[in-house]
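The values are calculated or read from the model by the stated rules, or taken from the named source; none is laboratory data. Source: prediction; values computed, not measured. Every residue, glycine as well, gets a Cβ built from its backbone with ideal geometry; the counts of neighbours run over all protein chains shown. We work out accessible area using only protein heavy atoms, side chains counted, and drop any ligands, DNA or RNA first. Shrake-Rupley method; radii C 1.70, N 1.55, O 1.52, S 1.80 Å.
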Amino acid sequence: MRLQVARIGKPHGIRGEVTVQVQTDNPEERFTPGTEIIVVDGPVKTLTVKNARWNKTILLLSFKEIADRNQAETLRGARLEIDVSDAPEDDSDEWYEHELLDLKVMLDGQQVGIITGLRTNPAQDLLVFEDNEGEEIYLPFVDEFVPEIDPEAGIVRITPPAGLLTLNTADDEQEER
C-alpha cells in the first residue's frame, strides 16, 4: 500500500532543490537522506533523498538524481509516495485517512452516515462524514466522541455531544425564527 507524503512545487535555486507541499505528519522521518521515494506523475519512477531542510515554513528537498534547476522543473506537480505495506503493524490510535474512508458511522446501533474524510488540524483532528440526508458532519476525532473503530467490521461507533448531528439543519433554522 502506498501513502502520499508530498507534492513537488517549484524549483529553489540552481542546484536542483525543490519546494514541497508536505502531506505527512512526520517529515523528519520520511525525508531522511538515502530514503527512496516513489514518484507519481513525474518524469522518473523513484528518487533518492539527498538532503532535506526547512526554509522558514517551506520544506526543500534535493535528490541524488536531480543535478540542476532544469531537471528540478520537470518534477513540478509530481506526487511523492512511500510504500507502507512493509511497515510493522502497531496498536496505536493513529489512523490514515484511507483506512477510515467509507466506514459506516454507527450511533446507538443505527447507521447515521459514511466516513468521507479526515481533516487534520493543528489543534484537533476532525472526522468528516456524510449523514443519511447527505449533509456533511464534522466530529472532533477524540476517544470521547469516537470510542470504537473496527475496520474489519466496516464501522465507526460514535457518541457525539447532544445536538451535534442536528446542528445547522433546516429544523434548527426554522426554530430560530
In the stretch 78-97, what count of residues is obtained for those that are open to solvent by 50 Å² or more (accessible area, probe 1.4 Å) and at pLDDT 80 or above? 4
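Identify, from the list Glu99, Glu81, Glu94, the residue that is under 30 Å from Arg15 (Cα atoms) and under 17 Å from the mean Cα position of the chain (by Cα). Spell out how you get there, then give the answer.
Numbers: Glu99 fails: under 30 Å from Arg15 (Cα atoms); Glu94 fails: under 30 Å from Arg15 (Cα atoms).
Checking each option against the conditions leaves just Glu81.
For every residue, the table says whether it meets (1) touching a helix residue (DSSP H, G or I) at 6+ places or on another chain (Cβ under 9 Å); (2) on the phi < 0 side of the Ramachandran plot; (3) open to solvent by 30 Å² or more (accessible area, probe 1.4 Å); (4) assigned to a loop (DSSP other than H, G, I, E, B).
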residue	(1), (2), (3), (4)
Val18	yes, yes, no, no
Gln21	no, yes, yes, no
Thr24	yes, yes, no, yes
Glu28	no, yes, yes, no
Leu47	no, yes, no, no
Ser62	yes, yes, no, no
Glu65	yes, yes, yes, yes
Asn70	no, yes, yes, no
Arg76	no, yes, yes, yes
Hey, can you tell me all the residues within the stretch 30-45 that are assigned to a loop (DSSP other than H, G, I, E, B) and over 12 Å from Ile8 (Cα atoms)? Phe31, Thr32, Pro33, Gly34, Thr35, Pro43, Val44, Lys45
State all residues of the stretch 98-144 that are open to solvent by 40 Å² or more (accessible area, probe 1.4 Å) and acidic (Asp, Glu); if no residue qualifies, say none. Glu99, Asp102, Asp108, Asp125, Glu130, Glu133, Glu135, Glu136, Asp143, Glu144
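Name the strands (runs of 3 or more DSSP E) wholly inside the stretch 125-166 in which the number of residues that are under 18 Å from the mean Cα position of the chain (by Cα) is 3 or more.
Details: elements: 126-131, 136-140, 148-150, 155-157.
Answer list for the stretch 125-166: 126-131, 136-140.
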List every residue pair whose Cβ atoms sit under 7 Å apart, with the two residues 6 or more apart in sequence or on different chains, where the first one lies in the stretch 116-133 and is under 17 Å from Trp95 (Cα atoms) and the second, anywhere, is surrounded by 16 or more Cβ atoms within 10 Å (Cβ to Cβ) and among the polar types (S, T, N, Q). Val128/Thr116; Phe129/Thr116
Considering only the stretch 43-52, I want to know if a residue exists there that is touching a strand residue (DSSP E or B) at 6+ places or on another chain (Cβ under 6 Å) and closer than 27 Å to Asp125 by Cα. yes
